[in-house]
Amino acid sequence: MKRWFWVATGIFVASSALFAQESAEMTKTLSVALDTVWVLLTGLLVFFMNTGFAMVEAGLARAKNTVNILAKNFIVFALASLAYWVIGWGLMFGDGNGFMGLTNLFFANGGVDEGYSAISWTQVPFWAKFFFQLVFAGTAATIVSGAVAERIKFLSFLVFSLILVAFVYPIVGHWIWGGGWLQQLGMWDFAGSTVVHSVGGWAALAGVLLLGPRTGKYRADGSIQPIMGHNLSLVTLGGLILWFGWFGFNPGSTMGVGDGKAIAHIFVTTNTAAIMAILSATITSWIIQGKPDLTMLVNGALAGLVAITAGCAFVSVPSAAIIGLVAGVLVVLSVITFDKLRIDDPVGALSVHLVNGVFGTIAVGLFAENGITGAETGNGLFFGGGMTLLLHQILGVLMVGAFVFTVALVVWAILHKTVGIRVSREEELIGLDLGEHGQEAYPDFQGFLTK
Amino acid sequence: MKRWFWVATGIFVASSALFAQESAEMTKTLSVALDTVWVLLTGLLVFFMNTGFAMVEAGLARAKNTVNILAKNFIVFALASLAYWVIGWGLMFGDGNGFMGLTNLFFANGGVDEGYSAISWTQVPFWAKFFFQLVFAGTAATIVSGAVAERIKFLSFLVFSLILVAFVYPIVGHWIWGGGWLQQLGMWDFAGSTVVHSVGGWAALAGVLLLGPRTGKYRADGSIQPIMGHNLSLVTLGGLILWFGWFGFNPGSTMGVGDGKAIAHIFVTTNTAAIMAILSATITSWIIQGKPDLTMLVNGALAGLVAITAGCAFVSVPSAAIIGLVAGVLVVLSVITFDKLRIDDPVGALSVHLVNGVFGTIAVGLFAENGITGAETGNGLFFGGGMTLLLHQILGVLMVGAFVFTVALVVWAILHKTVGIRVSREEELIGLDLGEHGQEAYPDFQGFLTK
Amino acid sequence: MKRWFWVATGIFVASSALFAQESAEMTKTLSVALDTVWVLLTGLLVFFMNTGFAMVEAGLARAKNTVNILAKNFIVFALASLAYWVIGWGLMFGDGNGFMGLTNLFFANGGVDEGYSAISWTQVPFWAKFFFQLVFAGTAATIVSGAVAERIKFLSFLVFSLILVAFVYPIVGHWIWGGGWLQQLGMWDFAGSTVVHSVGGWAALAGVLLLGPRTGKYRADGSIQPIMGHNLSLVTLGGLILWFGWFGFNPGSTMGVGDGKAIAHIFVTTNTAAIMAILSATITSWIIQGKPDLTMLVNGALAGLVAITAGCAFVSVPSAAIIGLVAGVLVVLSVITFDKLRIDDPVGALSVHLVNGVFGTIAVGLFAENGITGAETGNGLFFGGGMTLLLHQILGVLMVGAFVFTVALVVWAILHKTVGIRVSREEELIGLDLGEHGQEAYPDFQGFLTK
């Protein structure tokens, strides 16, 4: 009896153990599969933000420059994709030193996993990591497009974008997300208030300063001539698409689902900042301008979203509400201030992405609560953490600003001296659509455009 | 020999059991994670319906009122989010009595799980539940916007929306989804034909009756002056986005994936009702109006979607087809009838959301098949269930209608007597865009608007 | 001692085994659930492509034909859904012979799983399979809409679409995806360069040839009168939505997530082909036309996407880049060539879907690498596989072309002889919006349309 019992037990135990092991392996595979679905679908939402940017920027421009804006936004993602595949990814995530990646530089190393230890914390397959990071790189380039609209030469914009995504963006990305010196120091930027938005913003600022304002915007007598966007339906559509896509941008930056708590938290901090910024921007605009301005509502939402991007996983929902409230006021004041400084930004990109990218990054140093969704950020100033985190955040903002602004200024200046960056005055007056593309956005209505 | 065998067996068994337990825990975590991804992404699709509503409503208005509609739809979700966070969620899902939630009322109780037993059946984290319910609350408020368009004061609309989402919507939601008296009675509304759509519809009806029709719509001689929407491309875009988002609205209301059968079933019932309603609305419009009217196609789709919302998980695919067929006819007849009654609804919101919200809720009492995707609804009249379910559905419709219509009428009346709800006749003629916002949607085309 | 040890061990082992088995069953359920979420959400992205097609086609038409295009695109999905439910699904996936399905023909067999062995390889529930295949069927019909735009009779288009989706598309689908003779032979078309895009393309070509060009397009003196699209903002919006939706079309065709590697691979091949095609189309257009044409950028993206559809799971990322590069050149040359041949295709649907559908299918025979994401395609010509695969691909292209073109020609001819397929010359001049629908897309701007 004992013998068959032992044998039976042995077989039972062995098969049961095998069963358990197989089951554990299946569970592990499923976990990777779920994370992959999450990373790809949220990456896709970020990809869709291209549509949002195109609609917002086209709608805020005049009808005669619409084709040009749309073409810029459409092709810039193609160039960004190419640049990031060929070199950007390797510079950003390749193993290297504190400044940049050095190994596996080209063509994303053919899709091989090894050599990217800074992003090995996510278990998804290589091409999923690559796609997710690629769409972020594309966003940085798109931000520039709006600020330089209605006067930039098409070809110069393309060359600048290529350089931005091939070299500038990935190097900053390496500093903060690729294991570089700011990450080692303890600066935190969850989804890219600095890495994406302020990088785009600083690059845009350099361009705007060299380009100068649109003809007729600032008059000799000191007055400002408002130039209205030609289609506020497109602006609103684009704003809502951007907001929609931001739910990929922020929650997707977990690059994994875990037990679901972090991504749910990030959904709500993201939304809360956006809606509080809409409300504060509306009230600010109502007080200052006398009436609630639709473009301020939309830019308010975007400002809140940019501001919460760095801290969405590090702050509580009420803190997100406060960050949003401030962002909405900031964006309105900032739009007015840039105009007073005669820095002409047709879509408010500097106020949205640069000012609030900086603010959002610093806000982490104020509002962070250690471990609120897992990350060991330490506490911010308002939660008893003292000045350490805050100073790291400020240092990060300053160093990234100095680096990106300087490099961008040099690149714009070289383009300025060689192929030129600004279209001719004649072309600006007839519109870049006819000038750069030989076509019009709305030909059936063409004879009836004002001005 | 026996001794080492026992020891080895013991270790093997213990480790195997541990292995199995860990594996089971991992599986459980994964199951929660998958459900969380599902709830957040379908909630996001519902969020995107804001874009659809904005485009449909703007497109069906005149160009001179476009900015105002867009601004209303943009800010109403911000107000709804705030109201639902501060108080609405607690009234709806907080443990309480049959009428309303009473515990954990404010600020969604800071994200703590306990105290919401009516929604503890879904295993997703608190903030995922909150986000999903929040976007539904936002939808109810948006429905009102279209019906009162082109004449409502911006500020009055904002105040009304705040009250609707803070108090009215959550109390009805508590009755049917939050463990309240209608749920206890056995009334079924899977995704909100009543909770969301008819609540929005009744609130809108009260507003429309107090506001009166747009100037010039109904003439003294009894004739009706059609007022055409200014942009049918936007209308179609919005209609398709709403349809897209509805695949979050209905299947997402499972708030979990289970074995996948229910969500797949709901995808197909939802789509089938929509397409049959398009076909029947087209044919009805073709017969009555002589030509197929695009706005009827779009409203047909929406009508089918509203009508299947209550029953998408409770009826078969062929039943969904019949429900859709009826909805498509209903919406066309209803639009014509409201016009004859001189109830001026610029976008057909009453015909889509109120009439078909009521019809869809009652249809559950006719077509339900017990347990078709799991829920124990009992059978509807046409499937041998007798009158019980049908009467519960009708009672629910009547009680919700009486409550919402009455409260909304009082709120609108108070607003009417205090700040006023209607813009001046002069402002209505020049358009609410200039009047309320000091800007135009299409300034490059401004000199050439007809009328 | 021994006895209680045996008993305890026995219980322990048994419970542990039970535990492991339960855990394995839960894991299996979860795996089905995750695949279902994947198939439904990617199917939903394909559904959203309806919006993209509607916006691209409307934008590329004149303002006076906008309502008609929108109505066609809106209702065609309804008809396709109905036709596919009633008969198409059964013909495509029902067990049958090499030519068509024969069992379970009608009403998708009421949702029962059995009888569809060709699609039993995916573990998702029946209605998930059905929904995913349904949205693909809808896409094929929508492709026709653009090519025949601005002159087709509304009713004739509806009848043709119904026949296409009820019979023609499912039979070809059966050949390649439903276990039919081309699949048995070893022809590979992963996501439908042939099954969807070239089927739509051949059907459109037959219609265009019978319809003739739009009035005024080709002059008696041999010159070509360009007819510009009325709204390039809509075109760009639509192009981006289509690109977005394609990430459902291609990766979703796995109909399961597996370990995530395949879907990540397909995301990147899909995107890479699109962006390379944008760049090559832009450069080709810049060289030939002197300036970069926005419509060529958008059609370039679509061409790259169509071309990679057949091979996205079978080729490497660098091969995808080459396929995209070729597609971008092909689409520009093809648009010009069709115009020279006086084959009038208002939106470039033939160049995008037919030419690149054919090219993409053949490219599999050149670039396939056996097992790159799992499928045993064998290698293409450029990877040492010789001519076998290439010849199968070419044979498939030819047989599908011959079948679809012939049947479509017969159907269009019958319609031509009975109800007529072309609107009257007068209706064409005033526009199909007034003629077919009695309404205008932009009534507030109506007095100011050019021509």
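In table form, for the structure just shown:
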{"item": "Nearest-ten-degree value, helix A:388-417 long axis tilted from longest Cα axis of chain A", "result": "50"}
{"item": "Pseudo-label separations to other copies for residue C:333 - Cα-to-Cβ vector, 7 Å, nm", "result": "6.0, 6.0"}
{"item": "Percentage, to the nearest whole number, of Cα pairs in chain C over 33 Å apart", "result": "36"}
{"item": "With every protein chain in place, the range C:228-349: carbon and sulfur % of accessible area (1.4 Å)", "result": "70"}
{"item": "Globularity ratio of the range C:182-249, using Cα Rg and 2.2 N^0.38 Å", "result": "1.61"}
{"item": "Rg to Rh, two decimals, where the range B:91-158 supplies the alpha carbon set and Rh follows Kirkwood", "result": "1.10"}
{"item": "Residue-count net charge about residue A:436 - beta-carbon cut-off 10 Å; Lys, Arg +1, Asp, Glu -1", "result": "+1"}
{"item": "Cα long-axis angle, helix A:356-367 against chain A (0 to 90 degrees, to the nearest 10)", "result": "40"}
{"item": "Inter-copy separations for residue B:394, label at 7 Å along Cα-Cβ, nm, ascending", "result": "7.2, 7.2"}
{"item": "Where the Cα pairs of the range C:292-451 fall when distances are cut into 5 Å bins, in %", "result": "2, 8, 12, 14, 14, 13, 12, 9, 6, 5, 4, 2, 0"}
{"item": "Nonlocal amide H pairs with residue C:422, under 5 Å, H built at 1.01 Å", "result": "C:153"}
{"item": "Too-long pairs where the Cα-Cα distance tops 31 Å, listed order kept, from A:340/B:417; C:72/C:417; A:153/A:340", "result": "A:340/B:417"}
{"item": "Solvent-accessible area per residue, Å², over the protein assembly as shown with all protein chains present [probe radius 1.4 Å]", "result": "29"}
{"item": "Between helix A:2-60 and chain A: long-axis angle, C-alpha atoms, 0 to 90°, nearest 10", "result": "0"}
{"item": "Convex hull volume per residue in cubic angstrom - Cα atoms of the protein assembly as shown", "result": "189"}
{"item": "Electrostatic dipole magnitude of the range B:194-335 [Cβ: Lys, Arg +1; Asp, Glu -1; Cα centre; debye, to 20]", "result": "220"}
{"item": "Area buried, chain B against chain C - accessible surface, total, 1.4 angstrom probe, square angstrom", "result": "5600"}
{"item": "Simple label model, 7 Å out from Cα along Cβ direction - residue B:225 to residue C:336, nm", "result": "5.4"}
{"item": "Radius of gyration, Dmax [the range A:262-367; alpha carbons; angstrom]", "result": "13.0, 43"}
{"item": "Computed FRET value (nearest 0.05) for residue C:106 with residue B:387, which takes r as the C-beta separation and R₀ as 30 Å", "result": "0.35"}
{"item": "Inter-centroid distance (Cα atoms) of the range C:36-84 relative to the range C:341-393, Å", "result": "26"}
{"item": "Compactness of the range C:97-228, expressed as Rg and Dmax over alpha-carbon positions, Å", "result": "18.2, 62"}
{"item": "For the range A:238-247, 3J(HN,Hα) per residue [Karplus equation, 6.51 cos²θ - 1.76 cosθ + 1.60, θ = phi - 60°, Hz, x = Gly/Pro]", "result": "x, x, 5, 5, 4, 4, 3, x, 5, 6"}
{"item": "Ascending list, in nanometres, of distances separating the residue A:212 label from those of the other copies (7 Å, Cα toward Cβ)", "result": "5.6, 5.6"}
{"item": "Neighbour count of at most 14 Cβ within 10 Å plus DSSP loop: longest GluC sites (Glu not before Pro)-free window in chain C", "result": "C:115-375"}
{"item": "D_trans [Stokes-Einstein, Kirkwood Rh over alpha-carbon pairs] for the range B:333-384, 4 °C, 1.567 mPa s, µm² s⁻¹", "result": "102"}
{"item": "Euclidean distance between Cα centres, the range A:285-336 to the range B:130-146, Å", "result": "21"}
{"item": "Derived scalar couplings ³J(HN,Hα) [the range A:299-307; Karplus, 6.51 cos²θ - 1.76 cosθ + 1.60; whole Hz; x for Gly, Pro]", "result": "5, x, 4, 5, 4, x, 5, 4, 5"}
{"item": "Rounded to the nearest 20 debye, dipole of the range A:2-449 from Cβ charges on Lys, Arg, Asp, Glu", "result": "220"}
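The values are calculated or read from the model by the stated rules, or taken from the named source; none is laboratory data. Computed from a prediction, not measured in an experiment: that's the story for all the values here. So basically every Cβ, Gly included, is an ideal-geometry build from the backbone, and we count neighbours across all protein chains shown. The area values use the complete protein model at the heavy-atom level, side chains included, leaving out ligands, DNA and RNA. Shrake-Rupley method; radii C 1.70, N 1.55, O 1.52, S 1.80 Å.
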